[in-house]
1. Do we have any residue at all in region 4-13 that's modelled with pLDDT under 90, among the aliphatic types (A, V, I, L, M) and at negative phi?
2. Can you go through I56, I47, I43 and tell me which one is modelled with pLDDT of 85 or more and touching a Gly at 6+ places or on another chain (Cβ under 8 Å)?
3. Inside region 14-31, can you point out the residues that are over 22 Å from W58 (Cα atoms) and either modelled with pLDDT of 90 or more or in a helix (DSSP H, G or I) (or both)?
4. Among the residues in region 64-73, are any over 15 Å from the mean Cα position of the chain (by Cα), at pLDDT below 90 and either among the acidic types (D, E) or in a strand (DSSP E or B) (or both)?
Amino acid sequence: MSRKIAGFLIALGAFMVFEWVNLGFNLQDGHETSFYVVHGILIAVNIVLAIVLAVIGWRGLRAHPGSAHSFRGRRGDAG
């Protein structure tokens, strides 16, 4: 995975968390309970997806050969 893609995934994950938490705070009163249940499930699922994307991006960034925190040594062995 390239550093650009890894950075994009991290940024996308951060944006998704911000967006869905903001939506959660902006839900107005006056709706039926099912409305809040559905939107609560949507918010929870999307925050989990955002965290997964950010973790994938973070691992991709750390595993990049030019990174100081590379998982592999010079010869490709675990190190």
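1. No; the residues of region 4-13 include none that is modelled with pLDDT under 90, among the aliphatic types (A, V, I, L, M) and at negative phi.
2. I43 is the lone residue from the list that is modelled with pLDDT of 85 or more and touching a Gly at 6+ places or on another chain (Cβ under 8 Å).
3. Residues satisfying the conditions are N22, L23, G24, F25, N26.
4. Yes: one or more hits.
The values are calculated or read from the model by the stated rules, or taken from the named source; none is laboratory data. Every value quoted in this text rests on a predicted model; they were computed, and no experiment measured them. Because the Cβ atoms are built from the backbone with ideal geometry, glycine has one as well, and the counts that use them run over all protein chains shown.
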